[in-house]
Amino acid sequence: MKFEDLSPAKLDRLDTSLHEAGHCVMAGGRIIEVRINDDDLETPGHCMHVAVPDERQREVAYSGL
């Protein structure tokens, strides 16, 4: 499958998923769940993660602003 094969809606969902996963990965954590909220324009996605060191939690939060 290629990106150009995806509909605009599916590309938006993929973009949201990758964005949410990036919050955790950039700080060295482990993702346990990425959720897409199709009906919530204020919070289009959410990432649950574990194992992010305490001193890096601020980086994870800041990356979502």
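General remarks:
- Boolean, T43 is within 19 Å of A61 (Cα to Cα), surrounded by 14 or more Cβ atoms within 10 Å (Cβ to Cβ) and of a type in the set (S, T, Y): no
- Count of residues meeting criterion [at pLDDT 80 or above and either in a helix (DSSP H, G or I) or in contact with a Cys (Cβ under 8 Å, 6 or more places away or on another chain) (or both)] in the stretch 50-65: 6
- S17 modelled with pLDDT under 80 and among the hydroxyl-bearing types (S, T, Y): no
- Given (1) surrounded by 10 or more Cβ atoms within 10 Å (Cβ to Cβ); (2) not in a loop (DSSP other than H, G, I, E, B), number of the condition A27 does not satisfy: (2)
- Filter result (under 21 Å from R56 (Cβ atoms) and open to solvent by 70 Å² or more (accessible area, probe 1.4 Å)) within the stretch 1-24: L18, H19
- Flag if R35 is in a helix (DSSP H, G or I) and free of Cβ contacts under 8 Å to residues at least 40 places away in the same chain: no
The values are calculated or read from the model by the stated rules, or taken from the named source; none is laboratory data. Given the structure is predicted, the values throughout are model-derived calculations rather than measurements. All Cβ positions, even for glycine, are placed from backbone atoms using ideal geometry, and neighbour counts span all protein chains on display. With ligands, DNA and RNA removed, areas are computed over all heavy atoms of the protein, side chains included. Shrake-Rupley method; radii C 1.70, N 1.55, O 1.52, S 1.80 Å.
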